[in-house]
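Take a look at the structure set out below.
Read-outs: derived from the displayed coordinates by stated rules, not from any lab. Owing to the predicted nature of the structure, the values given are computational and were not obtained by experimental measurement. Here the Cβ is made from the backbone with ideal geometry for all residues, glycine too, and neighbour counts use every protein chain on show.
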Amino acid sequence: MTFDPVHPGHLNIIKTLSEKFDKVIVVPTTVRLKAFKKNEQMFSFNERFEMLKDKCKQFSNVEVSDVERNVDDSWRFIDTLRTLTSGHLMTELEHYYVAIGADNFQRFKEWADWEEILKIAHLVVFGRPGYVADFPDIEHEFIEMNMDVSSTEVRERMRKTIEQDFDEMIDDMTWAKEYFEDGYDEDLTDVAAE
């Protein structure tokens, strides 16, 4: 998950995972493939990482990893999984699980090396309204979530709010009207003439 931005749906998923597993590692992923994302990234990796660290403090068994902080466009999720499972963070674990949303599960077979991912980890798929999580040939655990929220929608709402606030600010430029009504425009004319 990109966590761009972190929202209550993400935190509900993290809470569910923290209650189900002894150790949870949350990885804010980089935005690499435009085909998988509907609009551009809003927050940098560092901003998303810090937001997650702050929000995950409430869970004693959750760690936020920066494994994807400096990756390039050739990096794929399989690289993240290999790094985590071969590193000191998770070598002591008997089983690995990867949590994804039903929207990503619908496109899972488009992921690079998706079959190798399944050899390393079990999938936990979190349901979302409007998405079917049914690949009979891919073993997975399904957890229904009744929260209809996505980072894409949050970004779109934030952008719209910013645009509206900016438009309202421009429309309500009483300070500028007062500035010019008080004769300050003459000062500007004098400066321009010099």
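The modelled label-to-label distance for the pair K20/D72, using points 7 Å beyond Cα in the direction of Cβ, is 3.6 nm. Of the cross-linked pairs K55/K119; K53/K109; K15/K109; K20/K109; K15/K55; K15/K119, those separated by over 21 Å at the C-alpha level are K55/K119; K53/K109; K15/K109; K20/K109; K15/K119. For H122, the residues 5 or more places off, or on other chains, whose built amide H falls under 5 Å of its own are Y96, Y97, V98. For V64, the residues 5 or more places off, or on other chains, whose built amide H falls under 5 Å of its own are V26.
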